[in-house]
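The values are calculated or read from the model by the stated rules, or taken from the named source; none is laboratory data. Nothing here was measured: the structure is a model prediction, and the numbers come from that model. Cβ coordinates were reconstructed from backbone atoms using ideal geometry, including for glycine residues, and neighbour counts include every protein chain displayed. Remember, those area values only see protein heavy atoms, side chains included, never the ligands or the DNA or RNA. Shrake-Rupley method; radii C 1.70, N 1.55, O 1.52, S 1.80 Å.
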Number of protein chains: 2
Amino acid sequence: MNGAESLVRTLVQGGVDVCFTNPGTSEMHFVAALDRVEGMRCVLGLFEGVVTGAADGYYRMKRTPASTLLHLGPGLANGIANLHNAKKAASGIVNIVGQHATYHIDYNAPLTSDIEGLARPMSAWVRTSPDAKSVARDGAAAIAAAKGMPPQIATLILPADTAWNEADGIAEVPAEQQRPSYSPHAVEAAARALRSGEPTLLLLSGNALTEHGLALAQRIAGKSGCKVMAQTYNARMARGQGRYWVERVPYVVEAALPILKPFRHIVLVEAMDPVAFFAYPDKPSLLKPEGCDAHRLTDVGENSEAALEALAGALGAKAQDAQPQKLVDIAKPSGALTLDTIAQAIAVAIPENAIVIDESITTGRGFFPPTAAAAPHDWLQNLGGSIGFSPPVAVGAAVACPDRKVICMVGDGSAMYTLQALWTQARENLDVTTVVFANRKYQILRGEFDGVGAGEPGKRAQDMLTLDRPDLDWVSLAKGMGVPARAVTTADELNAALEAGVRGSGPSLVEVRM
Amino acid sequence: MNGAESLVRTLVQGGVDVCFTNPGTSEMHFVAALDRVEGMRCVLGLFEGVVTGAADGYYRMKRTPASTLLHLGPGLANGIANLHNAKKAASGIVNIVGQHATYHIDYNAPLTSDIEGLARPMSAWVRTSPDAKSVARDGAAAIAAAKGMPPQIATLILPADTAWNEADGIAEVPAEQQRPSYSPHAVEAAARALRSGEPTLLLLSGNALTEHGLALAQRIAGKSGCKVMAQTYNARMARGQGRYWVERVPYVVEAALPILKPFRHIVLVEAMDPVAFFAYPDKPSLLKPEGCDAHRLTDVGENSEAALEALAGALGAKAQDAQPQKLVDIAKPSGALTLDTIAQAIAVAIPENAIVIDESITTGRGFFPPTAAAAPHDWLQNLGGSIGFSPPVAVGAAVACPDRKVICMVGDGSAMYTLQALWTQARENLDVTTVVFANRKYQILRGEFDGVGAGEPGKRAQDMLTLDRPDLDWVSLAKGMGVPARAVTTADELNAALEAGVRGSGPSLVEVRM
């Protein structure tokens, strides 16, 4: 058994049985091992941003890591942006990067670069395997690191000779760390704030946003009178009818400040102390008002459901304390495409148990209230701000959950970064309906231009903010990668296209021409 | 004048008057400054790999740097692969990366990452500007670094508040370093080797591959009896009728070894001591035979033309020593598409003064002999091995040389990495004819799989090496980005499509269905 085979067998035995890959010469022995080892599903992406984003989406839905397979430093580099997003979402990934044979590195052949240097900014764990006999053990350590609490990106660098030389066999993955816990002192402090009678915000993210976590928050709110919100962006959130639904802290600073202003306490459940996405002249970076105290109930990697349960217990909050919520009425829209009719059409179309990947940016700012009344679903967002997030994440989510419909909502500017994901969706016949909001602009930047005090863009500046001349034709782009697509220009057409996408199985794309 | 404007004015005054860009919020003041400053051409790419590759192509043709504008760490990350290729080609680039406002960085907002850490592996010079009054001076230093000998990638990181705060005005670029030179001792040593009567190879790369450099090499060969070759991959090479043409050291180790075996000396003119692109079990990394001495005439950044002139002088080699060369006959091919008919069609189609970007990988291995008989042209290759190189480089070359036809030859696997470049070609109406060789495989990996001793790929391995199910449809992909395209399946159709591409102006694409 060579090193590559010892690694693939270690991965499979360690529960890492999906590999998103874009391999090259230095990874050929790993690829060859796939023919000899049963139980590893290998999914090809035609660009590495697809590979790493898919691993992120897979983790979010399975709560267990997939592996990647990338080709030396440049292959890793192409995957870094979506590793950044995965890191911010606390997704565990066994990130495998090929390297030249150990003895070849010093010759500075064309593909030579500082792979560890490239890996470190996005990886909590980096190791270059020294020889074939170490590869299985290093792979097992990478799995343990990726499954850690908090979950991490573990980058294992694999020189080619460690893959082709003889190995000793597979390695055991170290026993899982004990279940994540929480601090009883943090529960007491949070309970004190909630009992203080002063205005308090319970701010949720991470695993607090499961159906159960949200139900606990609803009881706590009913009992204590606190307000509950979610962080601006969240890795995964249980939503739809029957689930407690909460608004998120707005992205726009001017909108967030008045919402946060009344609070004297913020209890953070995996959430960050609210901070502006960007800095703007004469606007604060920290969004909570002066004199407001932050109390951390749980950090990423702790057990937020258990902590919320303990907090509810400390407050004496019971199921019957939960207050009923009013949902927005949803109905199939008609007429022109507007932000409202699009939001309604999406809310009506979401099928039960769907996975919604939201990279709708400006178009989707109003999607949250109506979709709270949609059928029960999971809602995934981008915590890292690097666009080109959603089409790859849709790949990973669909591989993780073949029985669930994935709806990927993405702005045209974002979709262009990783459009290659459509091909993988076609090849694997993944059940993904992609909705591209084609406003032919980096629309968010039009607002940001003003937001940073740059005034009104002139002709040359505008050219840098628009995707027109020529207009992108998403129907052709999708067709070119084997994904059937249609463009819509009215709400009725959008309803019909979404219905067809949801009814069918396999990938499809809807271009919403705005 | 704010910091952003002071930087844009410093760039323009320093001769950096093209900016390839994909900006975000933190770069909006730079974008706004474009409206106030005359003389900066800004070219938008819809993915950062397009931006950095374009800057590489621009440098190769202009021999002076362009700037980029990238959005924080992830924006830089998406550009790293083509920065890697640019670094290996010794292209100078003023690589500008936005950053959060200095006071905002510690809040760990979503887009926060270690930008300097990401920049270092591919940048010879990295600086984060501390305040608005430093930005112009730092920009001037970046220009000087990018124009250095050897040229370099200079990464200037620009926190948003350094862009919007008040600056002191523009800064002077430090006077250019003295002209690159060469070592007379190296000339003597090379002359000794060439006079030794022992078999000697003159191995060229970099600026030795100008029309003049090649002519000098031809005289030296005629006088001394040495063989002249070029490195396997080269940044730019003068080729076609009337130019001395040389073969390159083959990529395949088994082909390179017998060619290099006879030599007792290799004189390196900017070239690297020949090294295998990858390591393979039981094959050498260094390709020259045992007992063969390498003599370095010039390194990257030295004046290879002057050194070759001195070497010719030392040997007494004159223009009349140059031996005439036999060129391969070229004629418009007919019949089926084969590697030979494709090569002939390309050779016939290249118009005078064209710029040929070669990322044809396996399809193009036989292109060199016939194209030596084509009309005079420049031939650009990838020195870094990171695929997705050529469509962006074609953008930069076309922006640098609006009066020259650019022919971009690319395999389908490579083209998928940076297909967004087609949109920029359409928007800027760049005169680029892209030829996609659609064999629906990572064909090179089929050979490499065997080359590394992995045998014959089985079903699962083959799936990782093929781009089929579904087949990519390049005509649709190009149409989706506003580039007219046609597919060809015979040599006659290829002739016609290339003729149409060359005759027209503006971008077009030919899918060669193999």
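Could you work out, residue by residue across B:466-473, how many beta carbons of other chains sit within 10 Å of that residue's beta carbon, and then give the average as an integer?
So the per-residue partner count for this stretch is 5.
List, shortest first and in nm to one decimal, how far the label point of B:D273 (7 Å from Cα along Cα→Cβ) is from its counterparts in the other copies.
Values, ascending and in nm: 5.6.
Which one, A:A485, A:G455, A:A497, is farthest towards the positive end of the dipole of segment A:438-506 when Lys and Arg carry +1 and Asp and Glu -1 on their Cβ?
Comparing the listed Cα positions along the dipole, A:A485 ranks first.
In chain A, once you exclude exposed GluC sites (Glu not before Pro) (DSSP loop, at most 16 other Cβ within 10 angstrom), what's the longest stretch remaining?
For GluC sites (Glu not before Pro) (loop position, at most 16 other Cβ atoms within 10 Å), the longest site-free span of chain A is A:353-514.
In whole angstrom, how far apart do the alpha carbon centroids of segment B:408-434 and segment B:317-386 sit?
20
Using the Karplus curve 6.51 cos²θ - 1.76 cosθ + 1.60 with θ = phi - 60°, work out ³J(HN,Hα) for each residue of segment A:414-430 in order, rounded to whole Hz, and write x for Gly and Pro.
Karplus-based 3J(HN,Hα) across segment A:414-430 equals 5, 4, 5, 5, 9, 4, 4, 4, 4, 4, 4, 4, 5, 4, 8, 6, 7 Hz.
Give a quick list of trypsin sites (Lys or Arg not before Pro) in segment B:36-67 that DSSP marks as loop, anything other than H, G, I, E or B, with at most 15 other Cβ atoms within 10 Å.
Of the trypsin sites (Lys or Arg not before Pro), the ones in loops of segment B:36-67 whose Cβ has at most 15 other Cβ atoms within 10 Å are B:R63.
Restricting to bridges with both residues inside segment B:339-513, how much of the DSSP beta-bridge set is antiparallel, in percent to the nearest 5?
Bridges in segment B:339-513 are about 5 percent antiparallel.
What is the spin-label model distance, in nm, from A:S505 to A:Y107 if the labels are put 7 Å beyond Cα along the C-beta direction?
My value for the distance between the label points is 5.0 nm.
What pairs in A:K283/B:K133; B:K261/B:K288; B:K87/B:K133 have C-alpha atoms more than 18 Å from each other?
Pairs exceeding the cut-off: A:K283/B:K133; B:K87/B:K133.
Which percent, to the nearest 5, of DSSP beta bridges fully inside segment B:133-290 are antiparallel?
Beta bridges within segment B:133-290, antiparallel portion: roughly 20 percent.
So who's got an amide H within less than 5 Å of the one on B:Q241, skipping anything under 5 residues away but keeping other chains? H placed 1.01 Å off N, in plane.
Under 5 Å from the amide H of B:Q241: B:A374, B:A375.
Ranked highest first by the average count of other Cβ atoms within 10 Å around their residues, in what order do B:218-228, B:328-338, A:462-472, A:81-91 fall?
Top to bottom by mean Cβ count within 10 Å: A:81-91, B:218-228, A:462-472, B:328-338.
What are the ³J(HN,Hα) values, in whole Hz, obtained from phi via the Karplus relation 6.51 cos²θ - 1.76 cosθ + 1.60 with θ = phi - 60°, for each residue of segment B:326-332 in sequence order, with x given for Gly and Pro?
Working through the residues one at a time gives 8, 9, 5, 5, 10, 8, 4 Hz.
Whole-Hz ³J(HN,Hα) for each residue in segment B:218-227, computed from phi via Karplus 6.51 cos²θ - 1.76 cosθ + 1.60 with θ = phi - 60°, x for glycine and proline: what do you get?
Each residue's phi maps through the Karplus curve to give 5, 5, 4, 5, x, 6, 9, x, 6, 9 Hz.
Stretch A:D471-A:L339 to full length: gain in nm at 0.36 nm per residue minus the Cα-Cα span?
Contour length minus Cα-Cα distance gives 45.5 nm.
At B:S334, label 7 Å along Cα→Cβ: distances to the other copies, nm, ascending?
6.5
Using 7 Å Cα-to-Cβ label points, what is the A:A496/B:A496 separation (nm, one decimal)?
The modelled label-to-label distance comes out at 3.7 nm.
Out of the DSSP beta bridges found with both residues in chain A, what percent are antiparallel (nearest 5)?
10
Considering Cα pairs under 8 angstrom that are at least six residues apart, work out the relative contact order of segment A:3-164 and quote it in whole percent.
The normalised contact order for segment A:3-164 reaches 28 percent.
Which distances in nm, rounded to one decimal and ordered from shortest, link the label point of B:G291 to the equivalent label points in the other identical copies, with labels set 7 Å from Cα toward Cβ?
From this label point to the equivalent ones elsewhere in the assembly: 9.1 nm.
Under the classification rounded if a/c is under 1.5, otherwise prolate if a/b is larger than b/c and oblate if not, where does the protein assembly as shown fall, given a ≥ b ≥ c as square roots of the Cα gyration tensor eigenvalues?
Judged from the Cα gyration tensor, the protein assembly as shown comes out prolate (a/c at least 1.5, a/b above b/c).
Using only atoms on other chains, find how many Cβ atoms lie within 10 Å of each Cβ of peptide A:383-389 and report the average.
Neighbouring Cβ atoms belonging to other protein chains average 6 per residue here.
First check a/c for segment A:184-321, with a ≥ b ≥ c the square roots of the eigenvalues of its C-alpha gyration tensor; if it is under 1.5, answer rounded, and if not, answer prolate when a/b is larger than b/c or oblate otherwise.
prolate
At a temperature of 20 °C and a viscosity of 1.002 mPa s, determine how fast segment B:339-513 diffuses translationally according to Stokes-Einstein, using the Kirkwood radius over alpha-carbon pairs as Rh; express D in µm²/s, rounded to the nearest whole number.
Calculated translational D: 131 µm²/s.
Tilt of helix A:3-13 relative to the longest C-alpha principal axis of chain A, in degrees (0 to 90, nearest 10)?
Value to nearest ten degrees: 40.
Just which residue of chain B brings its Cβ nearest the axis of rotation onto chain A, and by how many angstrom, rounded whole?
Taking the axis that maps B onto A, the answer comes out as B:S476, 2.
In whole Å, how far is the Cα centre of segment B:462-499 from that of segment B:75-116?
34
Mind pulling the angle between the C-alpha long axis of helix B:72-88 and the longest principal axis of chain B? Nearest 10 degrees, somewhere in 0 to 90.
Its long axis makes an angle of about 30 degrees.
In Å, what is the Rg of the alpha-carbon atoms in chain B, and how long is Dmax?
That works out to 23.6, 70 Å for Rg and Dmax.
Less than 12 Å Cβ to Cβ from B:A132, Lys/Arg counted +1 and Asp/Glu -1: what total charge do the surrounding residues give?
After counting each charged neighbour, the total is -4.
Tell me which lysines have Cα within less than 19 Å of A:K326's Cα, excluding those fewer than 8 residues away on the same chain?
A:K223, A:K227
Under the definition of Cα pairs under 8 Å and six or more residues apart, what whole-number percent is the relative contact order of segment A:81-206?
This gives 30 percent for segment A:81-206.
In degrees from 0 to 90, rounded to the nearest 10, what is the angle of the helix B:48-62 Cα long axis to the longest principal axis of chain B?
It is inclined by approximately 60 degrees.
Hey, how many Å between the Cα centroid of segment B:241-286 and the Cα centroid of segment A:1-22?
36
Give me the residues in segment A:97-126 whose solvent-accessible area, probe 1.4 Å, is reduced by at least 50 Å² once all protein chains are included instead of the chain isolated.
A:H104, A:Y107, A:P110, A:L111, A:L118, A:P121
Leaving out ligands, DNA and RNA, and with a 1.4 Å probe, what % of the accessible surface on segment B:3-164 is carbon or sulfur?
Ligands and nucleic acids excluded, carbon and sulfur reach 47 percent.
Determine the gain in length on full extension of the stretch A:K459-A:E211; use 0.36 nm per residue of separation and subtract their C-alpha separation, reporting nm with one decimal.
84.4 nm
Indicate the gyration tensor shape class of segment B:210-262 (rounded, prolate or oblate), computed on the Cα atoms with a ≥ b ≥ c the square roots of the eigenvalues: a/c under 1.5 is rounded; otherwise a/b larger than b/c is prolate and the rest oblate.
Taking the square roots of the gyration eigenvalues as a ≥ b ≥ c, segment B:210-262 is oblate.
Counting alpha carbon pairs within less than 8 Å and at least 6 residues apart, what relative contact order, in whole percent, applies to chain B?
Worked out over chain B, it gives 14 percent.
Please state the charge dipole magnitude for the protein assembly as shown, taken about the Cα centre, from unit charges on C-beta atoms (+1 on K and R, -1 on D and E), reported in debye and rounded to the nearest 20.
It comes to approximately 380 debye.
If you take the beta carbon distance between A:R120 and A:E166 as r and set R0 to 41 Å, what does 1/(1 + (r/R0)^6) give as a FRET efficiency, to the nearest 0.05?
0.85
5 Å is the cut-off here: which amide hydrogens, built 1.01 Å from N in the peptide plane, fall below it relative to B:N2, excluding neighbours closer than 5 in sequence?
Hits under the 5 Å cutoff: B:A167.
Name the long-range amide H neighbours of B:A66: under 5 Å, sequence gap of 5 or more, or other chain; modelled H, no Pro or chain starts.
Close amide H contacts, sequence-distant or interchain: B:Y59, B:V94.
For segment B:3-164, what mean projected area does the convex hull of the alpha carbons give, in nm²?
7.9
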